[in-house]
1. Pull out the extension gain between A48 and T158, defined as 0.36 nm times the separation in residues minus the alpha carbon to alpha carbon distance; nm, one decimal.
2. Using the scaling law 2.2 N^0.38 Å as the reference, what is the normalised Cα Rg of the range 8-163?
3. So what is the relative contact order for the chain, in percent, with contacts set as C-alpha pairs under 8 Å and at least six apart?
4. How far is the Cα center of the range 275-305 from the Cα center of the range 211-240, in Å?
5. Suppose a student asked you for the relative contact order of the range 120-200, using Cα pairs under 8 Å spaced at least 6 residues apart; what percent would you report?
6. With contacts defined as alpha carbon pairs under 8 Å and 6 or more residues apart, what's the relative contact order of the range 159-304 in percent?
7. Considering only protein heavy atoms and a 1.4 Å probe, what is the carbon-and-sulfur percentage of the accessible area of the chain?
8. Mean projection of the alpha-carbon convex hull of the range 88-161 over all orientations, in nm²?
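The values are calculated or read from the model by the stated rules, or taken from the named source; none is laboratory data. This structure is a prediction, so every number in the text was calculated from the model and none was measured. With ideal geometry, Cβ positions are generated from the backbone for all residues, glycine too; neighbour counts draw on all protein chains shown. Side chains included, ligands, DNA and RNA excluded: accessible areas come from the protein's heavy atoms. Shrake-Rupley method; radii C 1.70, N 1.55, O 1.52, S 1.80 Å.
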Amino acid sequence: MKLATTTEDFTRFCPTITQCLTHIADAGFRYVDLTQYTPELFPEIFEADNWRENVKHIKEYAETLGLTFVQSHAPGLNPFADGADYDKSVSQVKRSIEVCGILGIKNNVIHHGYDRNVQDKDKATEMNIKFFSEFMPVAEEFGVNMLCENTTKKNMPTWYFPVTGAELVDFIKAMDHPLVHACWDTGHGNCEGNQYEHLMTLGKELYALHINDNSGRGDEHVIPFCGTLNMDDIMHGLIDSGYKGYFTFESCNTLRPAKYWQGNRHEFETDSRLCEPQLFMQKKIERLMYEIGEYILKSYDCFEE
């Protein structure tokens, strides 16, 4: 397996994607996941009139660093939320697919939408089949797989959302489209328990990973060995299920921001100079993350340059 990580590692610290790429390359990574999760953070892609030229520049710059884009995260807006603009959500996912096409990315991860008042699996599946079907013609045009992702009840406590490997497979079968497959998030899985059986259930449908850890109490997105995730469980599941994709980190909150949906840092009214982690810290974390990933894969004789 080849190591990859997300540009989200540096989006808090850098105003442009190219700057994020520089730090990722400096840490030793050669394969990259482009996050498009929060469109307002990426005006060069989602607001600029010359966005296609901007994306081509990003690709050219990545090539000068020896980096290859291997997957992406589509915008994470919920089209079924109260007050949501359904058409805008669909449009932004379509834009993310074309970005993938320009960059040569074959796998784009997309979250299911949800309605807090809909707790019936069949109804939720019906809603999301409609949502996914809206952008599948664009996915066909650019040859991009759309990967649905597991979540955790810690994020979605009372309403239906795919949590298990079996639920992801059920949705893939319901979509019945050759470009719809799965991404497995180990942090989400860790909140639910052991993950070997989920990975085995996914089998050939597993096209991508989000590798991250947590305490099991919340979706924290920290580096493996900073939480309760059992990496032997994960590695046996990946190897025994025949996984052929990238080992991609999504551990972008190891250094927790001051304002965070899992809980804000306590404030001190008269001084905030130490409230936010700094870029030099993240650069150290990035290199450590690469070395941890290398150690994990070499321990199972499956590390690839």
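1. 35.7 nm
2. 1.09
3. So the answer I get is 18 percent.
4. Their Cα centres are 14 Å away from one another.
5. Normalised by residue count, the contact order of the range 120-200 is 35 percent.
6. Relative contact order, the range 159-304: 19 percent.
7. Working: 6830 of 13990 Å².
C and S fraction of accessible area: 49 percent.
8. So the mean shadow area of the Cα hull is 5.1 nm².
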